[in-house]
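K.L.:
Got a structure for you, written out below as structure tokens; questions coming shortly.
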Amino acid sequence: MMIIIISLLLLATFPALVTPLGEVLRFPTTPSISNYVLLPNPDFESLISSFSLCAWVKPRHTGSGSSVWFSYQVASSADEEIMISAFSAWDDLFNVNLGSSASYLEKDVWSHYCTTWNLAVRVRTIYVNGEAKKTGTTASGRMLKDGGVLVLGQRQGSRGGGFNTGYSFGGDLYELNMFDKMLSAEEVAGMYNKGRCGSVDPSLLQNVALQWTEFLDAQRNGEVVVKRGTCSQWNLVRSAIDEDLLEHLIDHHPAYQ
């Protein structure tokens, strides 16, 4: 009873910190160009000079050799702004690959992935499970282009299309968020250490430019579905609240006086 009351109290106090019941996007394991999620014109204006992209990814065994789960393209294959594969050496930013075997994600297991970048320092870093796996530099003055198409589950051979089953993703995605800043190594590690049922830290909420609920609400094609995850509301809220604050709320709530 106490946990239920505290959970309801926190949900009412901090509603913006809670992801809808741990819902995941599930992509079929049989490769098909029909299965994808489409955001035709995401607002990337706040991301053109600095961003971080983080998600929990669970790739499953498929016939696809590359399993591209994130693709953002502006005009043509020459403008493949962002492309991320689960278990191949493809991890592109501005059509330059930074991927390696160190950034592969384990099949049938949840892994936490982040890529961070900043124009001023021209540094991009790939993190897997809270650890920096690869760091590289980007061209001077090269910014992320706005006005593109974002696709989950396929590589774009042309803007918004040109799919190939050899790149189709099969598996689950959860808590994919894009931030308008280059997250620090400590912030990425903190996100991972909270676990899959964690929520975005309150200190980063103002930096969320594209949040998970927008991907859940986006156009789903083929057999991509939203599945109820294993995280409870209590797990999600508790992870977002500082322990001292939680103790304070308990001590001062009328139910416990």
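K.L.:
Take the residues in the range 134-145 that are without any contact (Cβ under 8 Å) to a residue 60 or more places away in the chain and charged (D, E, K, R), then tell me which one is least open to solvent (accessible area, probe 1.4 Å).
P.N.:
Among those residues, the one meeting the criterion is Arg142.
K.L.:
Let me ask something else. Please work out if Thr125 is part of a strand (DSSP E or B) and more than 26 Å from Ser199 (Cβ to Cβ).
P.N.:
no
K.L.:
What is the number of the single condition among (1) crowded, with 20+ Cβ neighbours inside 10 Å; (2) part of a helix (DSSP H, G or I); (3) without any contact (Cβ under 8 Å) to a residue 40 or more places away in the chain that Tyr192 does not meet?
P.N.:
Here Tyr192 clears every test but (3).
K.L.:
Continuing with the same structure: Can you name the condition, by its number, that Val225 falls short on among (1) among the aliphatic types (A, V, I, L, M); (2) under 29 Å from Lys145 (Cα atoms); (3) modelled with pLDDT of 95 or more?
P.N.:
(2)
Condition check ((1) over 15 Å from Ser184 (Cβ atoms); (2) at pLDDT below 95; (3) within 19 Å of the chain's Cα centre (by Cα); (4) open to solvent by 50 Å² or more (accessible area, probe 1.4 Å)) across all residues:
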residue	(1), (2), (3), (4)
Thr115	no, no, yes, no
Asn118	no, no, yes, no
Tyr127	no, no, yes, no
Ala132	no, no, yes, yes
Gly147	yes, yes, no, no
Arg155	yes, yes, yes, yes
Gly161	yes, yes, no, no
Gly166	yes, yes, no, no
Asp172	yes, no, yes, no
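K.L.:
Sticking with this one: Filter the range 195-208 for residues that are open to solvent by 30 Å² or more (accessible area, probe 1.4 Å) and either under 19 Å from Thr116 (Cβ atoms) or out of contact with any helix residue (DSSP H, G or I) (no Cβ under 7 Å at 6 or more places or on another chain) (or both) and give the result.
P.N.:
Matches in the range 195-208: Arg196, Asp201, Ser203, Leu205, Gln206, Val208.
K.L.:
Being open to solvent by less than 40 Å² (accessible area, probe 1.4 Å) and of a type in the set (A, V, I, L, M, F, W, C) is the filter here, so list the residues in the range 209-228 that pass it.
P.N.:
Correct list: Ala209, Leu210, Trp212, Phe215, Leu216, Ala218, Val224.
K.L.:
Give the residue that is modelled with the highest pLDDT, with candidates limited to residues of the range 64-98 that are open to solvent by less than 10 Å² (accessible area, probe 1.4 Å) and assigned to a loop (DSSP other than H, G, I, E, B).
P.N.:
Looking at the filtered set, the residue picked out is Ser67.
The values are calculated or read from the model by the stated rules, or taken from the named source; none is laboratory data. Predicted model only: the values in this text are computed from it and were never measured. Please note: Cβ atoms are built from the backbone with ideal geometry, for glycine as well, and neighbour counts cover all protein chains shown. Side chains are part of the model used for accessible areas, which takes the heavy atoms of the whole protein and leaves out ligands, DNA and RNA. Shrake-Rupley method; radii C 1.70, N 1.55, O 1.52, S 1.80 Å.
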